[in-house]
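A short worksheet on the structure shown next.
What follows draws every value from the coordinates through simple rules; no lab data is involved. As the structure is a computational prediction, the values presented were derived from the model and not from experiment. Cβ: placed from backbone, ideal geometry, glycine included. Neighbour counts: every protein chain shown.
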């Protein structure tokens, strides 16, 4: 055994041993030594994008998973921990444009490096199940299921207004538009009508909502709420404003009905205007003879379409000169074009009730439109100059200024208005959803090819199943001028499967959320070239524990749930929900330092380049550059980012202090679900702890090896031995509880306390003392092993435990010895007249008379009772004694 802790040598030899014997290979229906089938446990981290290097967020995520996997394996579970690569997407194309290499080469090189880093971390990954989204044998099944969905009508083609990035030349999801600009290019986003393929996720809205609300108790409440809000179920009334506005063929536009949906039909008599989206047919008709309006509509097409942006964007509008008819009053209602109205939501038109909608209120004030109060809350005065929250109240309100509806509460008014509209044939109650069908077409190269062939005679034709996969050529290099597939004749040119004539392949590729919607099931069925999943998926799924960042709480999880339900309905699997439990780990934060350059740009500095100044409480108050002493700005802590120069390279830490140090720090510094603030001193402290573990274990080696391996009777052991065993099993019990609730920072704390207890015990030489040290050190190593597997694996072997229990990876998790938790003596707090004055030691199980006698003999009584005899003694069993004098 080395005298000193050298992590590099220890970790490399441990990893070599694990790799040589394929220690993490997992098979279905594994059995224990007694021939009984082990219970399965599938724990999976969200797969990474192969960006080039692991970051500390990866280290934290995968260490959480690894701790869970290792501890459960010791507890007798058949544990699966796989890994793969979310390898398609725009970053690879952007890197290819910059470096002039194919995205495939960039991606595969990054995967090789990141995989090497994962192995250096000592992760218990079954690499035989590795998947990669850009592998044709994986994305073949994306294409296959798409075709099945096309057959069932779940996938369909349509033209729709989309966010178009003119630089990246691709459609962007709403979430990829930030402040009206493309999330990568920064270009002003345009709105375009473009054909594409969509998946009918809206067919599953009720089930998606019901199950996330009632059937996923293992999910964080905030994630379930985020999914509920994204689904966005709203109950209201859809109705029509009639009109006689006609097109060039003298036909009524939209059959003379402009439909809107409202959740506040009780305010229908307060409509003073209507607003339509810039793409609405009425807007297009009005703009044809109005150049100013046409210019305004073109301006509206710039910018994104997220609800968040709609909420923050300045509300702008322009009158069309058109009017529609109020369905109940018959009044003419002016039609405006509004930049805040989305064609993709509802019918692309809204009724304007400025008295009772804050957005409409602001719009009406800006353009001097009428504001008519139709809802009243008792004792509240209405003012048309300033919005007040009660204007939108529907719980305490009554309808006013609304004719026959006056005096009705919200629910009564909804029913009455719906009935009136239904009788006129102009409306009805309806439930709407915020969720829209999933547009999966992307005008980019590095993704799964959509398996469609375009024929002049036959139109869009599905690729025959026998011809899958449609392979993506991997040699192309994007140049920023659009999709290179559209210029690659070898890919484009094909024959129509229906008529045999020359045809062209679809050049759109699939949204990368497709790749991540089912990868976790492909892990269960590796190597099957004939089926998407097989019976092995029935064994492993649903997943027992999913681990990933809160940033994926909506789209990824929602799409994965939808994809699972589609596969179920196609009889590919037998469950409804993919993830039983979900843990969203907190982000890793670090200090941010910056200053403005003379040109106005922001320049960031690495924390190691900076000297801090502190106040008397230790808080950072300022910072200067070490190089020249110039002042820079301290920006607090934020998420680690390459762009802000506040990331920490895991590889550098592994190379200098070892993977176990990195693992220990990220587990100890914060509970898994909370943010973790980086601390160099914390890392140093973690490394010192491991050196101390090695040193103390080494000092006890001879005594541990000399101790008997078989169980020992400790009933006649010394108090010091019994106290050590009591501490060890108390901490083991707490660690068991904390492992179960994934509170891994306190598991680390329990190990630190146990190491201190071993060191402080200072047991003399003796058979029972040596046996106790062997027993308790064995508990420490096993408790600590899931956190820091390398150092503990070596200690397990060096101290001879491997001969008793076998290899540490499959050694049995220690069981709590209940007898050791029964102390010979217990300590009771001593109070005199209700104030704490000391403590007494009594035999465990002593009766009241004995406790009272010991308490009466305590030397503090003479001082605090001033010689007076006690009047009475109050004994609270197991806690305290109070003497009243």
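Quick look at the values:
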item: Two-decimal ratio, segment 538-631, of alpha-carbon radius of gyration to 2.2 N^0.38 Å; result: 1.95
item: Cα-based convex hull, segment 588-722, per residue volume (Å³, whole number); result: 202 Å³
item: 414, 337 arranged by Cβ crowding within 10 Å, fewest neighbours leading; result: 414, 337
item: Solution diffusion estimate, µm²/s, Stokes-Einstein, segment 180-233, Kirkwood Rh from C-alpha pairs, 20 °C, viscosity 1.002 mPa s; result: 152 µm²/s
item: Range of Cα positions in segment 176-293 per principal axis (Å), largest first; result: 58, 44, 29
item: Viscosity 1.306 mPa s, temperature 10 °C, Stokes-Einstein D of the chain from Kirkwood C-alpha radius, µm²/s; result: 48 µm²/s
item: Relative pair counts by distance (%), Cα atoms of segment 653-723, 5 Å bins; result: 3, 13, 15, 15, 12, 10, 12, 12, 7, 1
item: Span from the segment 432-498 Cα centroid across to the segment 183-229 one, whole angstrom; result: 24 Å
item: DSSP beta bridge pairing in segment 825-884, given as percent antiparallel to the nearest 5; result: 75 percent
item: Segment 546-589: mean projected area of Cα convex hull, nm²; result: 3.2 nm²
item: Computed [θ] at 222 nm, helices only, for the chain once each DSSP H run of length n ≥ 4 contributes -39500 (n - 2.57); result: -10500 deg cm²/dmol
item: Between helix 410-423 and the chain: long-axis angle, C-alpha atoms, 0 to 90°, nearest 10; result: 40 degrees
item: Exposure proxy ranking, count of Cβ atoms within 10 Å, fewest first, for 379, 534, 515; result: 379, 534, 515
item: Estimated inter-spin distance, residue 839 and residue 156, nm [label 7 Å along Cα→Cβ]; result: 7.3 nm
item: Segment 484-528: C-alpha pair distances exceeding 14 Å, %; result: 66 percent
item: Estimated translational D of segment 461-511 in µm²/s (Stokes, Kirkwood radius over Cα pairs; 25 °C; 0.890 mPa s); result: 200 µm²/s
item: Taking the C-alpha atoms of segment 102-239, convex hull volume expressed per residue in Å³; result: 235 Å³
item: P(r) histogram, all alpha-carbon pairs of segment 825-884 included - 5 Å bins from 0, percent; result: 4, 20, 38, 24, 11, 4, 0
item: For segment 500-543 versus segment 573-620, the gap between their alpha-carbon centres in whole angstrom; result: 35 Å
item: √(5λ) per eigenvalue of the Cα gyration tensor, segment 645-768, largest first, Å; result: 33, 18, 11
item: Order of 543, 83 - criterion: other Cβ atoms within 10 Å of each residue's Cβ, fewest first; result: 83, 543
item: Å³ per residue enclosed by the Cα convex hull of segment 441-554; result: 155 Å³
item: Helix 103-120 vs. the chain, principal-axis angle (Cα, 0 to 90°, nearest 10); result: 20 degrees
item: Separation between Cα centres of segment 814-885 and segment 733-779, rounded to whole Å; result: 28 Å
item: Antiparallel content of DSSP bridges confined to the chain, in %, to 5; result: 80 percent
item: Cα coordinate range in segment 234-433, projected on the principal axes (Å, largest first); result: 48, 37, 30
item: Reciprocal of mean inverse Cα separation for segment 350-474 (Kirkwood radius, Å); result: 19.8 Å
item: Principal axis dimensions, largest first and in whole angstrom, of segment 709-784 by Cα; result: 38, 23, 18
item: Residue-span extension gain [residue 178 to residue 105] - 0.36 nm each, minus C-alpha spacing; result: 23.3 nm
item: Between 0 and 90°, nearest 10: helix 789-798 axis offset from the chain longest Cα axis; result: 20 degrees
